[in-house]
Amino acid sequence: MDVIAERQLQLRMDNGSIDVTVKIGRPELDSSGENWMCPYEIWFGDNCKSMAMHGVDSIQALQLTIATLDVELEYGARKRAGTLYHYDEPFTSILENSGLEVRKA
């Protein structure tokens, strides 16, 4: 995977903490040559989940990946009974913390 973006988080639990790493790969055409896919990895310590989201173009594949990461991170934290932190602040969302806003007409 050609990593184009990465974020380091920490999962804090009652019995300690583990490092969490999120990696987003460069969107690329899938094997059909007609649709795009954007691979990603989420590392909770030594445990890695690797997937890819598919879209009709590279931007949609990237958008779906980012939206999916929020769900995956929330699930992983809840499964391990912990709270995610980014730069010592509680972490809630890649999308919400992006600074991006929907343009209003």
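Nothing in this text is a laboratory measurement; each read-out follows from the coordinates by a stated rule. The structure displayed is predicted, hence computed values, not measured ones. With ideal geometry, Cβ positions are generated from the backbone for all residues, glycine too; neighbour counts draw on all protein chains shown.
Assuming R0 = 30 Å, what is the FRET efficiency of T83 and Q60, from their Cβ-Cβ distance, to the nearest 0.05? Using R0 = 30 Å, I get an efficiency of 0.45. Among the listed values [x] 12, 35, 30, 16, 5, 1; [y] 15, 44, 29, 11, 2; [z] 14, 35, 21, 15, 9, 4, 1, the one matching P(r) over Cα pairs in 10 Å bins from 0, in percent as calculated from this structure is [y]. Think of the chain as a dipole: +1 on every Lys or Arg Cβ, -1 on every Asp or Glu Cβ, centred on the Cα centre; then among M1, W36, I94, I94 lies furthest on the positive end. Computed over neighbours whose Cβ is under 14 Å from that of H54, the net charge equals -4, Lys and Arg +1, Asp and Glu -1.
Give me the percent relative contact order of the range 3-98, please, defined on Cα pairs under 8 angstrom at least 6 residues apart. Computed over the range 3-98, the figure is 24 percent. Simple spin-label estimate for S50 and M13 gives 2.4 nm between the two label positions (7 Å along the Cα-to-Cβ direction from each Cα). Where does helix 58-79 land angle-wise versus the long Cα axis of the chain, in degrees 0 to 90, nearest 10? Helix 58-79 sits at roughly 20 degrees to that axis. Each label point was placed 7 Å from the Cα along the Cα-to-Cβ direction; for L95 and E6 their separation is 2.6 nm. The simple Förster model, with R0 at 22 Å and r as the Cβ-Cβ distance, assigns S31 and V71 a FRET efficiency of 0.30.
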